[in-house]
Amino acid sequence: MRVVTGACPHDCPDTCAWQVAVDPQTGRAVDIWGHAEHPFTAGKLCGKVDNYLERSYHADRLTTPLRRIGPKGQGRFQPISWAEAISEIATRTNELVEREGAESILQYSYAGTMGLLQGEGMAQRFFNKLGATRLGRTICASAGTQGMRYTLGRSVAPDPLDFEHARLIWLWGTNTLTSNMHLWPIIQRASKAGAKVVVIDPVRTRTARAADEWVPIRPGTDGALALGLMHVLIRDDLVDHDYVARGAIGFEQLCERAHEWSLDRVEAITGIPAARVEALARDYGRIKPAAIRINYGLQRHRGGGMAVRNIACLPALVGAWRERGGGVQLSSSGSFRLDLSGIERPDLLGDRKPRTFNMNRLGEALSLDPEQRRRAHLRECPNDQAPIDAGEPVHALFVYNCNPAAVAPDQGAVLRGLARDDLFTVVLEHFATDTVDWADIVLPATTQIEHWDIVRPYGHLYLGLNRPAIDPVGQSLPNSEIFRRIAQACGFDEPCFHEPDEAILAAFVDAQRDPTMATISWARLLEQGYCRLDVPDPYLPFADGEFPTPSGRCELYSQSMGDAGYDPLPTYLAPAVSAEQAQNGEILHCISPPAHSFLNSTFVNVHKFARREKQPFLLLHPDDASERGIADGTQVSVENQRGSVRLSARVTEEVVRGTVVAPGIWWAKLSPEGRNINWLSPPDETDMGAGARFFDVPVYVRACVTEVCVTEG
Ligand SMILES: Nc1nc2c(c(=O)[nH]1)N[C@H]1C(S)=C(S)[C@@H](COP(=O)(O)OP(=O)(O)OC[C@H]3O[C@@H](n4cnc5c(=O)[nH]c(N)nc54)[C@H](O)[C@@H]3O)O[C@H]1N2
Ligand SMILES: Nc1nc2c(c(=O)[nH]1)N[C@H]1C(S)=C(S)[C@@H](COP(=O)(O)OP(=O)(O)OC[C@H]3O[C@@H](n4cnc5c(=O)[nH]c(N)nc54)[C@H](O)[C@@H]3O)O[C@H]1N2
Ligand code: SF4
Ligand SMILES: [Mo]
C-alpha cells in the first residue's frame, strides 16, 4: 500500500492531518485514518471524515460538466464537454464585462474547503483580474472576529494543547464534542488532573452532559453575563491589579460600567440565578489557570460582536494570560500572519475598487430593485454609510465551495434571485446540492484526496499540507484548474494563469517573511506533512501584557470602537428576538446549531449520516410544548414573517424555556416542503462585522394536523 499524508479541508477548527492508503495496483484509496503523530489529531478523525472515502467515491458524485435543460430549480441537466463548458462561460463573461461592466459578475464562496489554493487562491486571481463584485465573507465568524480585534487586537489564543494545564475550563457557546472534538481529550486530561469543566449553553448538548456543570443561558444574552462576572470580580476585588495596570486600558471606566450590572439585572436578562453568576465569578477569580473556549455559536446574534468583546476582557482582569493554559480562545487564526497576496494577487485589480456585497444578503444582491441592492452592500459598523448608488444588477454568479440555497439567510429571497432567467449561474460542486439545481452550468470539482493544498487551521497552530492520493474521480478538476482554464479562455495571459498548483504553493510558503514562518519551508512541509508555527512553546502570547491593539494593551475601553459608532466600553446589546418576545409571549427564540453528523450542509446527502440524524426536527421545552398542544413526534409548523417550515417535535428538558432548536443544516430539497430552517433566518446584520443572525430568529410554533397546520393546538 502507498500511504499519502493530507489535511482535512473542512470548515472545522481541528484541521486534522490524515493518511490515506492507496492500492498501487488500482490507484484506488482503500483506507483513511487520523495521523498518529500530529499532536492535535492524535490518530483520530471524526465520525464524518472517517468516512471521507465513501463521500469521494459516492455514486452521486458529479463527474462531468453539465448544462441546464429544464427550468431553473428543477436540476435537469445534460452532460457537456469541458471545452464546451469553459468556452460558454468565457464567452458569457467577456460579453457581460463588455456590455454591463465587470461588477455585473458576483463571486459567491465560503469554506467548503479551507485550503488556501482550492479555497480562494486561483479564484481570486481570476476575479481580481476581472474586477468582479467582491464578496464580504461574513456568514460565520465576522462578528466575533471583530469583537476580538477591538479588544485584543487579533484572534490570538493560547495553544489549545495547553488546555491540559488549566484548572478551570469554560466551554462557552461551543459544542466541543460535535464541532471541535479533538479538544475534548485535552480537556479530559485536565479534568483528570482536577480541572472543573463548565458548559454555558442554552442547550444541554452532549458536551454539557459530559461536563461537570451545565449553566443554561437564554440565547443572545452572554454579553450581560460577562458584565455580571465583571461586576463580581471588581466588587469582590478578584482582579489582578498588577496585570491590569501593565496590560489593560480603561479599568477605571470599566469599574463604573460594571457597577451598573447588579446580579438581579443579569438574572433577569440571562435567566441564570444571581447566586450562580456569583459562584461562576468567584471560580473565575480564584481558580488558576482559567481557560475560556468560546466558539462562533454565541456570536450569531444581533449583539454577537459585543458579547465576544465583553468575554475577551475577562482574562486580562484576572491575569489569566500569565499562565500556561490561561486565556480565551475564539480562534487561532490570528497567530497565522500569512501573506496571501502571492496566491490571490490583489495587485491584478490595479486601482479599480469594485463594490462589495455582503454574502448574508445574497437575495438582495441578486435583486433587480436598486433599493434592495443598496441594502446588500457590506457595512461593517454603524459609521459605515450605505452607498448612495446601488450599482447595476448582477447578471452572472459564480458559486464554489458553498451551498447558499441551503445555508444562507432568507432562503426565499435567495431562491427568488437564483430563479431569475436572466441570471447566468455557474456552480462548481461535488454533488447536486440545492444550489446546483439553479445553475446554468455545473462544473465537477475534485475532493481533497484528489488535489494539492495547504490548510490553515483556526483551532490550533499546525499548518497542514495536503497531497493528492488518487487521480480525479470522473472528469472532475480542482477549483484551481477550473478557474485557470476559465481565465485562459477569457484571454488573460498573465503567467499566474499558467502556474501549476504545486509551484503556486511552494512559492507561497517560501515567500513568507513573518517570524512565525521562519523555519517553515515547502521542503519541510513535503517531508513532514504539517508544521507548527514558529511561536514559542509554551505559547503565552499576552503574558507580558502587550497586545496588538492601537494602545498596545487589552482595550477594556476602546477608542476604535467609539470611532466606529459603538459604546467604547463593554455593554449589552439584546438579541432581536427578546424585544419581540417581550411584546408577545407566544414568540420563541429559534437557534439552529450544527447536527452532530453533518458539517454545515456537507454529508447530508450521504445516507449513513442522514440516517444517524433521522429527520429535520425541533427541540422544545415541555412547558412551551404543552402550551401549544405539542407532544413528542408531533409535526409542527415553525413560522415567522418570512414563511414556514415543517419539522418533527422533540420535547425535552434539555433546552431552556422559550428557546427552540432546529439542528442543521439539512438540504432544503431533503426537508419537508423543500424548505429548511434558513427560510426563517433574517438577512439582518450583527452589530459588528455584518455577520449573520442564524441564532436570533423569532418564531411561532404550532402543531400540524396531518397535511394542514391548525392555528390552535
Ligand atoms: N460536526 C460539526 N462540526 C462543525 C460544524 C458542523 O456543522 N458540524 N460546523 C463548523 C463550523 S462552520 C463552525 S463555524 C464551527 C461552529 O462551532 P460552534 O461555534 O461550537 O458551533 P455552534 O454549534 O454554532 O454553537 C455551539 C453552541 O452554541 C450554543 N449557542 C447558541 N446560541 C448561544 C448563545 O447565545 N449563547 C451561548 N452561550 N450558547 C449559544 C448552541 O446551542 C451550540 O451548542 O463548528 C465547525 N464544526
Ligand atoms: N441555520 C443555520 N445556517 C447556517 C449555520 C448555522 O449554524 N445555522 N452555519 C453557518 C456557518 S457557520 C457557515 S460556515 C456556513 C457554511 O456554509 P457553506 O460554506 O456553504 O458550507 P457547506 O454547507 O458545508 O457547503 C460547502 C459546499 O462546498 C462543496 N465543496 C467542498 N469542497 C469543495 C471543493 O474543493 N470544490 C468545490 N467546488 N466545492 C467544494 C461541498 O460539496 C459543499 O456542498 O453556513 C452557515 N449557515
Ligand atoms: S471535520 Fe474536523 S474533526 Fe473531522 S476530520 Fe476534519 S478537521 Fe478533523
Ligand atoms: Mo462556520
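The values are calculated or read from the model by the stated rules, or taken from the named source; none is laboratory data. In this text, all values refer to a predicted model and were calculated from it rather than measured experimentally. No Cβ is skipped: glycine too gets one built from the backbone with ideal geometry, and neighbour counts run over all protein chains shown. Ligands, DNA and RNA are stripped out before the accessible areas are found, and what is left, the full protein with its side chains, is counted by its heavy atoms. Shrake-Rupley method; radii C 1.70, N 1.55, O 1.52, S 1.80 Å.
Quick look at the numbers
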{"read-out": "Residue in the stretch 638-648 that is modelled with pLDDT of 95 or more, open to solvent by 50 Å² or more (accessible area, probe 1.4 Å) and more than 16 Å from ligand 3 (Cβ to nearest atom) present", "value": "yes"}
{"read-out": "Strands (runs of 3 or more DSSP E) lying entirely in the stretch 607-713 (those with 3 or more residues that are within 24 Å of the chain's Cα centre (by Cα))", "value": "617-620, 659-661, 697-705"}
{"read-out": "Of all residues making up the stretch 235-269, the number that are open to solvent by less than 30 Å² (accessible area, probe 1.4 Å) and among the hydroxyl-bearing types (Ser, Thr, Tyr)", "value": "1"}
{"read-out": "Leading residue by the ranking (nearest to ligand 4 (Cβ to nearest atom)) among those in the stretch 82-119 that are touching a strand residue (DSSP E or B) at 6+ places or on another chain (Cβ under 7 Å) and charged (D, E, K, R)", "value": "Glu103"}
{"read-out": "Condition check for Gly43: within 16 Å of ligand 3 (Cβ to nearest atom) and loosely packed, with under 15 Cβ neighbours inside 10 Å", "value": "yes"}
{"read-out": "Flag for Gln488 being surrounded by fewer than 19 Cβ atoms within 10 Å (Cβ to Cβ) and either part of a loop (DSSP other than H, G, I, E, B) or within 16 Å of ligand 4 (Cβ to nearest atom) (or both)", "value": "no"}
{"read-out": "Which listed residue, of Arg134, Arg154, is part of a loop (DSSP other than H, G, I, E, B), in contact with a Pro (Cβ under 7 Å, 6 or more places away or on another chain), open to solvent by 30 Å² or more (accessible area, probe 1.4 Å) and not aliphatic (A, V, I, L, M)", "value": "Arg154"}
{"read-out": "Residue in the stretch 293-307 that is out of contact with any strand residue (DSSP E or B) (no Cβ under 9 Å at 6 or more places or on another chain), open to solvent by less than 40 Å² (accessible area, probe 1.4 Å) and farther than 20 Å from Thr174 by Cβ present", "value": "no"}
{"read-out": "Matching option when the condition is assigned to a helix (DSSP H, G or I), open to solvent by 10 Å² or more (accessible area, probe 1.4 Å) and modelled with pLDDT of 95 or more, among Ala279, Ala312", "value": "Ala279"}
{"read-out": "Qualifying positions in the stretch 210-238 - under 12 Å from Leu171 (Cβ atoms) and in a helix (DSSP H, G or I)", "value": "Ala210"}
{"read-out": "Elements of type strands (runs of 3 or more DSSP E) contained in the stretch 1-79, each with 1 or more residues being touching a strand residue (DSSP E or B) at 6+ places or on another chain (Cβ under 9 Å), more than 16 Å from ligand 4 (Cβ to nearest atom) and of a type in the set (Lys, Arg)", "value": "2-7, 28-34, 66-68"}
{"read-out": "Among (1) surrounded by 18 or more Cβ atoms within 10 Å (Cβ to Cβ); (2) closer than 14 Å to Ile449 by Cβ; (3) more than 27 Å from the chain's Cα centre (by Cα), the one test that Val3 misses", "value": "(1)"}
{"read-out": "Breaking point among (1) surrounded by fewer than 20 Cβ atoms within 10 Å (Cβ to Cβ); (2) outside the structural domain of Thr270 (by TED's automatic domain parsing), for Gln559", "value": "(2)"}
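Residue by residue, here is whether (1) within 16 Å of ligand 3 (Cβ to nearest atom); (2) open to solvent by 10 Å² or more (accessible area, probe 1.4 Å); (3) under 21 Å from Arg355 (Cα atoms) holds:
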{"position": "Ser87", "(1), (2), (3)": "no, yes, no"}
{"position": "Val97", "(1), (2), (3)": "no, yes, yes"}
{"position": "Gly101", "(1), (2), (3)": "no, yes, yes"}
{"position": "Ile105", "(1), (2), (3)": "no, no, yes"}
{"position": "Gly115", "(1), (2), (3)": "yes, no, no"}
{"position": "Gln118", "(1), (2), (3)": "yes, no, no"}
{"position": "Ala123", "(1), (2), (3)": "no, no, yes"}
{"position": "Lys129", "(1), (2), (3)": "no, yes, yes"}
